[in-house]
Amino acid sequence: MISFATRKEISPAVQRQARYLRDKFRSLQDFLKQSKSKELSEVGMAWMEELGDVCRSAENVVGLFMDSKLQKNKNGKRTFTKLVWSSRNFISQHKIAQKLAWIEDKIRDIYSRRYEAIPSPVRNFDPPRKYFQSLNRMITRIRAADQLDDQLDIVSFNDDVDAVTAQLLKEDPRCLTISIVGVPGIGKTSLAQLIYDSQAIANHFPHRVWVSRSGLNTSKQDIMKQILGIEGSDLYRDSKDTEESYIRRVRQMVNAFFMDKKYLVVIDDSYSSKLRNAYEFWRGMGSAFSDISNGTRILFTVCHLWQAPPVTETDFTYRLHLRTNDESWALFTHILKVNIPPEMQYLKGRIIRKCGGSPTVIVKLVELLSQRDATLEEWSRVLDELNQDEETWSAILEEINNYLPLYLRRCLFYFGLFPAGYKIPTRRLIALWVAEGLGHQQGDAKSPEYVAETCLRELINYDVVQLTEKKLNGKIKTCCLPEALQVHWFKRAQEANFLQGHSDISSTDIGVIRRLADHLQQNDVVFDDIHRSNSVSPCSRYRDVVSFLSFDTREGSEPGEEIGNFLDRCISSNCFRFLWVLDLEKVYKPKLPKAVGQLVWLKYLGLRYTYLEMLPAFINKLLNLQTLDLKRTCINTLPSSIWKMQKLRHLFLEESFCSAFVPPQEESSLVDLQTLRGAFVGEDSPVRNGLDSSLNITNLGLKCKISVPSQKAAMSSQLVDVENWVRKLKHLQSLRLKSFDESGLPWDLHLRSLSGHVDLSNIYLVGKLKNQQLVSELPGSLIELTLSASGLVEDPMQTLDKLPNLRILRLFSRSFMGKKMLCCFGGFPKLEVLKFWELELLEEWNVEEGAMPNLKDLEIRRCMNLKLLPSGLQCIKTIRQVKLTKLPILSSSLEDKQGEDWKKIAHVRHVCIED
């Protein structure tokens, strides 16, 4: 949406038109916000795309005018010189007014068609009746699928079991409810059963009861009778009962039943389609449990969020998601129960993609494969047949067709730009959404990146986007749209004019292309335009393109040359003029023509993994860039014009090629910079009065290195400047600092107390800490800590164990130079991942009972002198995996799996010992 804050410089006639546009834009915004309809047709989506085009046109027109005014004022002339596109562009207020008049007509037309595109606001919050009619038709099929739930195992639900169990075991005497929410067939009943049967739950809850809704019309009284284990009509309300007296009577019965019994009650409502079953039960009967104060818990499984009790201080919801790739494969191999021949492992990636993270699909696929011979040909044929099965995903399609909000639909359409099954890095997807302004701008109170990440999590919660890989800290690393949904939503995106120019669309029907993705598929209409050297690109197709992504990952010079020629032809033909996104990630050394410098509206330039050796000179004209990604390139010097990019928010550089800043030629700074990763700091780098002027950085990664031995004094001064800079970064969330000498070995690292950085959650330090007290001066917000070559003499564990939120701790080579470590009772209350690598002097590690109560993953590598495993490991029942590598003293006592050291980890499900 355009801003009207600077319109005072425009003539009264243009101001009037601008005010009209502003009012109509606001009316349309209010209309969209008030509309509760999620059932937006392709006509409606096309209407929104048309509105987006007009918004871009208005923004670009006014932007051109303001640029020309600024240029005129700068040159002190009344004529507009050095405009971006010479005489073809709007160079007078008269032409600006003409263009705005055209936009005004378009707005009138779009505004008049708003009710045709988007249904009037729905005042009744209840879901549409037709949803339940269709869901009723699916009940039998879903039940049949969920009968296989007993084949699912805890491997694929580890994180979910832990998350829900933590809620159930909270030290709160009140009666709490937890609702597991997810579409039919995603494994809600399986998860509830795993929790119900777990030893931790059995130990904590002396009494447990499982209530399964056997019919669609089971009343709240019937459910209560099952909970209390009574028969007859005592719970039914008679004609003499008022609502108040009835609830009082039920409360007395509940209090009497739960008086001295702490219960876990599971109400499995997975199969029910009746409106708000759990919600209606809890609304009618929930108050009867209000007097319970013995820690009783009620666990619901429901298909939809609106079926669950509303979220309150005592009512929680947990969204069950599609399985990650690792979880999917673990589940597949568990159910198959046979060793997969090595030649069949070739199909692993294809199997994972076909299943899309759905447990029901995985179970069905195993069922089909078990009926065939275990040959490459037979299994491939089964996978081909599975591709035709759309019924499995019908529940998810019903969910998103009826409930997915408008802003999320446009985000979902963006997945159509990526190849099927493509694992999209989160940092890439979010930056692309921000560049295009996608996502629900919630009053602009939060940053665009935060809003985009929230949108991604919402799509994952709707079970429409699969979280394919997680980071150690639980954050989303990569995601994708399941293949079965890709086809459906790709078609919807085309019908809504969001995507054009792909697959089987004929050249005569292609129309205007807004987003262009090169998948290197010859059946795409755009293939010849991009990859045929003799092709003359039809300009009209690419006139309004706002995003261009290439997925041409071929090796050699051909891809780079073809991309370069295509860009040159389009830009020279006056196309791509308003391009916002140019993403060439993994295109090998693309030839970027000089004409790219004319893309002055570009917000995202992705050159990661392109291995470019030099940043082209045109970069000095791309002053609207928000994201510049140069990671995995061979660029070692950044041009001075980088300092002019006042709108730059994210800059990714390649650490190994020492990407260095040069001093700014004039007084300027990157004031909006939030991410700076991989930057090089040498003796001459402009830290003081240069980089240290960027005070809004939240994610900082620097590599500091001496070039020659004689420069150690100068380098020490630079490290002090870095220390002072870090101290001033009050919004810092992630800090990654490395310090090396001229030989590439870890060197001094200067840092003062970080306890005042209340948002800092991730620290990665390589280098000898000059301030050894730093480990006691870390913020309580810290979640992840990695130390390497720190040279700590005193045991850091007895200091770090007081960090209340620390979940990941990695101590690498020479981080600790002592012989003994101790983890005390009550220490590391939230630690989940602990890694010791190459602590060569470490001989003794003791763990007291009650330390690290939530540890899940332990890895010890090349601690050559470690004599024993700590006996306290036996007391940590949460450990899932232990990996021990090259521990010569311990190897002999572990190899027969019978010694004292083995007993300490015998309860761990996965133990890997490598010599």
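The values are calculated or read from the model by the stated rules, or taken from the named source; none is laboratory data. Values in this document were obtained by computation on a predicted structure and should not be read as measured data. Note: ideal-geometry Cβ built from the backbone for every residue, glycine included; neighbour counts use all protein chains shown. Areas reflect the complete protein model, heavy atoms only, side chains present, ligands, DNA and RNA absent. Shrake-Rupley method; radii C 1.70, N 1.55, O 1.52, S 1.80 Å.
General remarks:
To keep it simple, each residue is scored yes or no on (1) assigned to a loop (DSSP other than H, G, I, E, B); (2) closer than 20 Å to S734 by Cα.
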| residue | (1), (2) |
| --- | --- |
| A595 | no, no |
| L612 | yes, no |
| L615 | yes, no |
| K631 | yes, yes |
| L651 | no, yes |
| P663 | yes, no |
| L676 | no, yes |
| D684 | yes, no |
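- Looking across S668, S710, one residue alone is in contact (Cβ under 8 Å) with a residue 24 or more places away in the chain and either in a loop (DSSP other than H, G, I, E, B) or not aromatic (F, W, Y) (or both). It is S668.
- Summed over the range 564-574, residues that are among the small types (G, A, S) and either touching a Gly at 6+ places or on another chain (Cβ under 6 Å) or open to solvent by 40 Å² or more (accessible area, probe 1.4 Å) (or both) total 2.
- Within the set N620, N699, N624, the sole residue that is open to solvent by 40 Å² or more (accessible area, probe 1.4 Å) and not acidic (D, E) turns out to be N620.
- Selection of first residues in the range 446-462 that are among the acidic types (D, E) and of second residues that are open to solvent by less than 10 Å² (accessible area, probe 1.4 Å), restricted to Cβ pairs under 8 Å at least 6 apart or on distinct chains, gives the following pairs, ordered by first then second residue: E458/L408.
- All of (1) at pLDDT below 85; (2) basic (K, R); (3) in a loop (DSSP other than H, G, I, E, B) hold for R554 with one exception: (1).
- For the range 315-333, a residue qualifies if it is open to solvent by 30 Å² or more (accessible area, probe 1.4 Å) and within 26 Å of L228 (Cα to Cα), and the qualifying residues are F316, T317, Y318.
- Meets criteria (assigned to a loop (DSSP other than H, G, I, E, B), in contact (Cβ under 8 Å) with a residue 24 or more places away in the chain and surrounded by fewer than 16 Cβ atoms within 10 Å (Cβ to Cβ)) for K877: yes
- Any chance K705 is closer than 24 Å to P664 by Cα and surrounded by fewer than 16 Cβ atoms within 10 Å (Cβ to Cβ): no
- Candidates are the residues of the range 575-612 that are out of contact with any Gly (no Cβ under 6 Å at 6 or more places or on another chain) and among the charged types (D, E, K, R); the one that is surrounded by the most Cβ atoms within 10 Å (Cβ to Cβ) is K603.
- E458 vs. criteria modelled with pLDDT of 90 or more, in a helix (DSSP H, G or I) and of a type outside the set (A, V, I, L, M): yes
- Looking across the range 400-415, the residues that are open to solvent by 10 Å² or more (accessible area, probe 1.4 Å) and within 22 Å of the chain's Cα centre (by Cα) come down to Y403, P405, L406, Y407, R410.
- In the range 199-218, the residues that are among the basic types (K, R) form Cβ pairs under 7 Å with partners that are modelled with pLDDT under 65, at six or more places apart or across chains, as follows: R213/Y271; R213/S272.
- Test: E838 is charged (D, E, K, R), within 22 Å of E784 (Cβ to Cβ) and either surrounded by 22 or more Cβ atoms within 10 Å (Cβ to Cβ) or modelled with pLDDT of 95 or more (or both): yes
Table: residues versus (1) surrounded by 14 or more Cβ atoms within 10 Å (Cβ to Cβ); (2) modelled with pLDDT of 90 or more; (3) more than 17 Å from A308 (Cβ to Cβ).
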| site | (1), (2), (3) |
| --- | --- |
| V183 | yes, no, no |
| I186 | yes, no, no |
| N203 | no, yes, yes |
| P206 | no, yes, yes |
| V211 | yes, no, no |
| G215 | no, no, yes |
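- Condition met for K802 (of a type in the set (D, E, K, R) and in a strand (DSSP E or B)): no
- The number of residues in the range 630-654 being over 20 Å from V587 (Cα atoms) and either of a type outside the set (S, T, Y) or open to solvent by 40 Å² or more (accessible area, probe 1.4 Å) (or both) comes to 12.
- The set of residues in the range 341-357 being open to solvent by 30 Å² or more (accessible area, probe 1.4 Å) and either of a type in the set (F, W, Y) or not in a helix (DSSP H, G or I) (or both) consists of P341, Y346.
- Look at the range 364-375: where a residue is farther than 20 Å from W393 by Cα and a partner is open to solvent by 60 Å² or more (accessible area, probe 1.4 Å) and not in a loop (DSSP other than H, G, I, E, B), sitting 6+ places away or on another chain with Cβ atoms under 8 Å, you get R372/R381.
- Restricting the range 165-214 to residues that are among the small types (G, A, S) and part of a strand (DSSP E or B), the residue that is farthest from R319 (Cα to Cα): S212
- Residues that are modelled with pLDDT of 90 or more and either of a type in the set (S, T, Y) or within 19 Å of K603 (Cα to Cα) (or both) within the range 618-636 comprise K621, L622, L623, N624, L625, Q626, T627, L628, D629, L630, K631, T633, listed in sequence order.
- Candidate set from the range 899-915 (those that are β-branched (V, I, T) and assigned to a strand (DSSP E or B)); member that is least open to solvent (accessible area, probe 1.4 Å): V911
- Which numbered condition K856 misses (of (1) surrounded by fewer than 17 Cβ atoms within 10 Å (Cβ to Cβ); (2) out of contact with any Leu (no Cβ under 8 Å at 6 or more places or on another chain); (3) under 22 Å from E784 (Cα atoms)): (1)
- A single entry from A435, A484 fulfils the requirement of being closer than 28 Å to V361 by Cα, of a type in the set (A, V, I, L, M, F, W, C) and assigned to a helix (DSSP H, G or I): A484.
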